[in-house]
1. Which number in (1) touching a His at 6+ places or on another chain (Cβ under 7 Å); (2) modelled with pLDDT under 95 marks the one condition that Gln103 misses?
2. Please work out which one of (1) at pLDDT 95 or above; (2) closer than 15 Å to Arg105 by Cβ is the condition Asn34 fails and give its number.
3. Assess whether Glu9 counts as being over 14 Å from the mean Cα position of the chain (by Cα) and in contact (Cβ under 8 Å) with a residue 24 or more places away in the chain.
4. Select from segment 12-23 the residues that are out of contact with any strand residue (DSSP E or B) (no Cβ under 6 Å at 6 or more places or on another chain) and free of Cβ contacts under 8 Å to residues at least 24 places away in the same chain and write down the one among them that is nearest to Asn34 (Cα to Cα).
5. Where residues in segment 40-86 are under 23 Å from Ala106 (Cβ atoms) and among the charged types (D, E, K, R), which of them is surrounded by the most Cβ atoms within 10 Å (Cβ to Cβ)?
Amino acid sequence: MSDAAGVIEVFPVKSPPGLAPYDDMIEATFIKGNMGGLVVIKLSAGEVAAHSHEQEHVGVVLEGEFEFFNAEEATPLKAGDMYRIRPNTPHGIRCRDYALIVQARA
């Protein structure tokens, strides 16, 4: 049996390597793999104005609560919820306290 040390990397989700402030309410980092990666996002209280991205966002809420919103509606999410935002879909983010999110990226 071979020594597997270094083959499997383990990261603490609440403080992964490279976690850094993105703006006043967001800390984020990208854990890169060969075929994509995971974005770890910590939200604190605040709001991000509506915006859109060319890439799809698929994620899961690990802790806390927040909501996505646009001009027509708000979509609340809580720990255990998964979500998908299609490319070029306008959305803002509103968090009252804290949320921890992981998003998959190609």
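The values are calculated or read from the model by the stated rules, or taken from the named source; none is laboratory data. Since we're looking at a predicted model, the values are computed, not measured. All Cβ positions, glycine included, derive from the backbone under ideal geometry; neighbour counts span all protein chains shown.
1. Of everything listed in (1) touching a His at 6+ places or on another chain (Cβ under 7 Å); (2) modelled with pLDDT under 95, Gln103 misses just condition (2).
2. (1)
3. Details: over 14 Å from the mean Cα position of the chain (by Cα): yes; in contact (Cβ under 8 Å) with a residue 24 or more places away in the chain: no.
So Glu9 fails the test.
4. If we take residues in segment 12-23 being out of contact with any strand residue (DSSP E or B) (no Cβ under 6 Å at 6 or more places or on another chain) and free of Cβ contacts under 8 Å to residues at least 24 places away in the same chain, then Pro17 is nearest to Asn34 (Cα to Cα).
5. Checked segment 40-86; the qualifying residue surrounded by the most Cβ atoms within 10 Å (Cβ to Cβ) is Lys42.
Okay, residues lined up against (1) of a type in the set (Ser, Thr, Tyr); (2) in contact with a Lys or Arg (Cβ under 9 Å, 6 or more places away or on another chain); (3) assigned to a strand (DSSP E or B):
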{"site": "Val39", "(1), (2), (3)": "no, yes, yes"}
{"site": "Glu47", "(1), (2), (3)": "no, yes, yes"}
{"site": "Glu54", "(1), (2), (3)": "no, no, no"}
{"site": "Arg84", "(1), (2), (3)": "no, no, yes"}
{"site": "Thr89", "(1), (2), (3)": "yes, no, no"}
